[in-house]
1. For the range 83-93, in order, what is each residue's ³J(HN,Hα) by Karplus, 6.51 cos²θ - 1.76 cosθ + 1.60 with θ = phi - 60°, in whole Hz (x at glycine and Pro)?
2. What residues qualify as long-range amide H neighbours of residue 119, i.e. H under 5 Å apart, gap of 5 or more or another chain, H built at 1.01 Å from N?
3. In whole Hz, what ³J(HN,Hα) sequence does the range 130-142 give by Karplus (6.51, -1.76, 1.60; θ = phi - 60°), x for Gly and Pro?
4. Between residue 7 and residue 87, with labels modelled 7 Å along Cα→Cβ, what's the label distance in nm to one decimal, could you check?
5. Just to check I understand the Karplus step: with θ = phi - 60° and J = 6.51 cos²θ - 1.76 cosθ + 1.60, what whole-Hz values come out for the range 57-70, glycine and proline as x?
6. Return an integer: the convex hull volume of the alpha-carbon atoms of the chain, in Å³ per residue.
7. Carbon and sulfur together cover what percent of the accessible area of the range 34-179 at a 1.4 Å probe radius?
8. Please report the relative contact order for the chain, taking Cα pairs under 8 Å with a sequence separation of at least 6, and give it as a percent rounded to a whole number.
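The values are calculated or read from the model by the stated rules, or taken from the named source; none is laboratory data. This is a predicted model, so every value here is computed, not measured. With ideal geometry, Cβ positions are generated from the backbone for all residues, glycine too; neighbour counts draw on all protein chains shown. Accessible surface areas use protein heavy atoms only, side chains included; no ligands, DNA or RNA. Shrake-Rupley method; radii C 1.70, N 1.55, O 1.52, S 1.80 Å.
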Amino acid sequence: MEHVVVEKRNLIHEGAIVDVYQDEMLLPNGSHETWDYIEHRMGAACVLPVLDNGKIVMVKQFRHALDRYTLEVPAGSRDSKTEDTMICAKRELEEETGYQSDNITFLLSLKTTVAFCNESIDVYLATDLKPGKQHLDEAEDINVYEYELDELLDMIYEGKLQDSKTVSAILAYAVKINQ
């Protein structure tokens, strides 16, 4: 045998966004192991909003998994498996920051945690922003801030920004504008 085989998948928890499984695996050397697997049902999108003055719009919100507030790019899950991630990115931009944009371009796709989760996020760049009003979900408490690109790059290298989608979006943008 030259590859890993999932012999059995056991649903441990069915959640609102993710399902948690324990998979019984057959490895190429013939041994058996139990691996955890988290299935993100919808996929997601995030957007790096850049104002006309070059500042980047960021959101700060509490993240339970880290037990602290984090600074991130606006992001969220798709409403359905078939929703275009660009539509999702536009919606999350307005909901979380209040800004709207008709100039949204694709930057990259990423898998956030390949060791145990299939979550996929498409990353977009939004320019020509028009101010509006936030439309937060009932449980959301999000504050909006503006930063220079250099400030955000410093925060990445100082370990202050660690969210994978945010780091990826900022670094991809930095490379794109310097080409």
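1. The phi angles translate into 5, 4, 5, 5, 4, 4, 4, 4, 5, 5, 4 Hz.
2. Here the answer is 40, 112, 113, since their amide H atoms fall under 5 Å of that of residue 119.
3. Along the range 130-142, the couplings run 10, x, x, 10, 4, 10, 6, 5, 3, 8, 8, 10, 10 Hz.
4. For the pair residue 7/residue 87, the computed spacing is 4.3 nm.
5. Values, residue by residue: 8, 10, 10, 10, 8, 7, 10, 4, 4, 9, 6, 6, 7, 10 Hz.
6. About 155 Å³ per residue, rounded to a whole number.
7. Carbon and sulfur atoms account for 49 percent of the accessible area of the range 34-179.
8. That works out to 21 percent.
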